[in-house]
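Report on one structure; see the data block that follows.
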Amino acid sequence: MIVQYIVLRKDLKLQKGALCAQAAHAAMAAVFTFKDSSETKQYLQNLNEMHKVVLGTESNEEFQQIILNLKNSNIDYYEWLEQPENLVTAIALRPYTKEDVAKFFKDLKLLK
């Protein structure tokens, strides 16, 4: 299964609508940035079967550790930088086979 993971910073205490917007911005930016990836192309072939997993971190430190782990493993992702605050609020991976990236998120909980 191809899935797109999105991670949001819960420590920012944004309202639900704002969190949804951050997730949407990051997801769209990741898909556009990595549009030439074979998995992204496959993900976009069937719009009715897109799978996303939206997770949250409790702190900026936890968020930064996720980013570091992704960088160190050469995983493609996009950091959404909210303006004018100049603050990274979310990251989204390009679409990946779930088995290839789920391990990076095993300690995170689904966003509620």
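Here the alpha carbons of the stretch 2-110 define both size measures, Rg and Dmax, at 13.2, 36 Å.
Multiplying the residue separation of ASN60 and LEU81 by 0.36 nm and removing their Cα-Cα distance gives an extension gain of 6.2 nm. Each residue, LEU44 and LYS106, gets one label point 7 Å from its Cα in the Cβ direction; the gap between the two is 3.3 nm.
Based on DSSP loop calls and a cut-off of at most 16 other Cβ atoms within 10 Å, the longest stretch of the chain free of exposed GluC sites (Glu not before Pro) is what? The answer is 1-57. Relative to the longest principal axis of the Cα atoms of the chain, the long axis of helix 16-33 lies at roughly 40 degrees.
Indicate, rounded to the nearest 5 percent, the antiparallel portion of the DSSP beta bridges found entirely in the chain.
The antiparallel proportion sits near 70 percent.
Counting every other Cβ atom within 10 Å of each residue's Cβ, ILE66, ILE91 order from fewest to most as ILE66, ILE91.
Annotated for the chain: lysine pairs at least 8 residues apart or interchain, Cα distance under 15 Å, count 9.
Laboratory data are not the source of any read-out in this text; all were calculated from the coordinates shown. Since the model is a prediction, treat every value here as computed from it, not as a measurement. Every residue, glycine among them, receives a Cβ derived from its backbone with ideal geometry; neighbour counts consider all protein chains shown.
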